[in-house]
Every structure is written in C-alpha cells, then in structure tokens.
Amino acid sequence: MSWQAYVDTNLVGSGKVASAAILGLAGGVWAQSPGLTLSTEEQKAIVDGFNNPPQVQASGLRLAGDKYFALSANDKSIQLKKQSDGAVLVKTTQAVLVAVYKAPIQAPEATTVAEGLGDYLRGVGY
C-alpha cells in the first residue's frame, strides 16, 4: 500500500479525521491530504516535539499556519487542540502521523484511528 493510501483510506477514509499527513522522522512529507500543507519549520517542530514533550506542552505547535495548544505530549503521542478542533500526532519507528479532526468529531474518535494505524506501522517496522 502506498503512503498516500494510508492517508486517504486509513486516516481520512475513517470519517474520524478531516485531514492528515505522514512525515518522515528524517525529514520530508511522505503523504498528505489536500489542503494540509505543513511548512518545513512546522514539520521540524513536529518531529522535534517528540524529543522534548515539555516544550510542546509549554508552547504548543503550528499546523498549516494554525496555532494549536498541547493537551498532552510524550515520546509517542501528542494531543493538540484549537477551539473545537484538534489534532493527534503519533510517532512510529520511522514516521509521524498527523491526524487533524474538526467538530463534531471528538478527540477520542480521532485518537483511536491514528493510534491504531501507528500501532500497525510500528508492528511492521515503520
């Protein structure tokens, strides 16, 4: 399966994620949904955020130009919120899944989808 298919089918196709991207830990966008454009600086901040969760907790992250506040952050998952919308970031062995959700979808629904795919990708070495 292509990386784009994971974004289109597993994340956005679930109906619980509005837009998504897969970023390589070594840099670069592996796949993304239309309308979710992450700048190089945003990509670096996302990847680096897993190495410094307290910094993410203190200052949040930007996704596609929008500022999100961190609800929780650790070395495997970051939960972000912006008004009634939010995002779930999941680190795998080689990548970061970025799953953005919009109201009326709630955080637990998007989290289940993103973390499920993250568990699968870690299990197969990605």
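The values are calculated or read from the model by the stated rules, or taken from the named source; none is laboratory data. Bear in mind that the values here come from a model prediction, so they are computed numbers and not experimental data. Positions of Cβ are generated from backbone atoms using ideal geometry, with glycine treated the same way; all protein chains shown enter the neighbour counts. These area figures cover heavy atoms from the full protein model, side chains too; ligands, DNA and RNA do not enter into them. Shrake-Rupley method; radii C 1.70, N 1.55, O 1.52, S 1.80 Å.
For segment 17-126, the helices (runs of 4 or more DSSP H) that sit wholly inside it and include 2 or more residues that are under 17 Å from ALA5 (Cα atoms) and not small (Gly, Ala, Ser) are 107-123. None of LEU36, LEU25 is closer than 21 Å to GLU115 by Cβ and open to solvent by 40 Å² or more (accessible area, probe 1.4 Å) except LEU25.
Taken over segment 1-40, the criterion of being under 24 Å from GLN106 (Cβ atoms), polar (S, T, N, Q) and in contact with a strand residue (DSSP E or B) (Cβ under 7 Å, 6 or more places away or on another chain) is satisfied by SER19, GLN32, SER33.
When ALA107, ALA87 are checked against the criterion of being under 13 Å from the mean Cα position of the chain (by Cα) and open to solvent by 20 Å² or more (accessible area, probe 1.4 Å), ALA107 stands alone in meeting it.
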